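Notes follow once the structure below has been shown.
FYI, it's all coordinate maths here, none of it is from the lab. Keep in mind the model is a prediction, meaning the values are calculated, not measured. Positions of Cβ are generated from backbone atoms using ideal geometry, with glycine treated the same way; all protein chains shown enter the neighbour counts.
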Ligand SMILES: [Zn+2]
């Protein structure tokens with residue numbers, strides 16, 4: 001009995017010594033409250049674990065009012081649902097639709113469906129330049145989700161069409177997730193599927209994410225193409241995309257990242 005107590009005491013002492021060593025060598029562990037210690041009762045291993053505050057973050061790409069991320073439209077002929085604002089800056093250039101509004105509609109629908117399926121999903125929306133792109137990754141890292149999905153729509157020319165997913169080429173899980181999410185929505189009957197793309201440039205959302213989070217960026221159609229703009233804003237497309245992404249994300253979280 002005494003031997004057993006001594007063995008236990010040694011283990012506890014060892015834990016305290018290792019804990020003290022790591023605490024002194026990593027100062028941030030003391031200041032950031034989302035870093036915690038995980039000490040299994042029967043092991044002498046000590047490691048730093050950043051707690052997950054949610055399973056998945058769905059980010060609405062861009063920020064409110066971002067210049068350049070807009071398409072000018074004829075407000076008397078364009079066919080858009082009432083929750084997509086047609087804005088006028090009063091600068092004489094006319095009426096426009098902002099990418100951010102489309103991203104917010106799709107991201108909100110997706111988060112609502114994920115939550116209804118019991119997933120701890122968080123919506124990340126930016127209202128100013130200070131929360132754009134690179135900052136978006138750093139903001140997401142504080143919640144340390146298993147999966148980070150950023151919802152965007154694309155701008156090129158009036159005939160551009162199709163959706164695709166982007167991934168971090170240095171992260172196989174990011175590539176796999178991009179393929180799964182892209183394939184989940186390929187039968188939408190409106191916006192054609194294009195091949196997934198590597199993020200060869202610097203997109204902070206995909207590069208500054210913690211290694212414990214799998215990042216994917218979705219470009220869900222071209223808003224520079226007026227007929228595709230009408231499709232991607234429509235309730236039926238948003239319903240199809242959010243339903244099928246939510247299903248696939250739920251499967252991924254339950255099967256792959258537990
Ligand atoms: Zn965008």
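Projected area of the range 202-256, taken from the Cα convex hull and averaged over every viewing direction, in nm²?
5.0 nm²
Just for the range 56-256, what percent of DSSP beta bridges are antiparallel, to the closest 5?
30 percent
What length, rounded to one decimal in nm, is gained on full extension from residue 52 through to residue 198, with 0.36 nm per residue of separation minus their alpha-carbon distance?
49.9 nm
How would you rank 194, 59, 180, going from fewest to most other Cβ atoms within 10 Å of each one's own Cβ?
Ordered from fewest to most neighbouring Cβ atoms within 10 Å, 194, 59, 180 come out as 194, 180, 59.
Taking the range 61-181 on its own, what percent of its Cα-Cα pair distances exceed 26 Å?
29 percent
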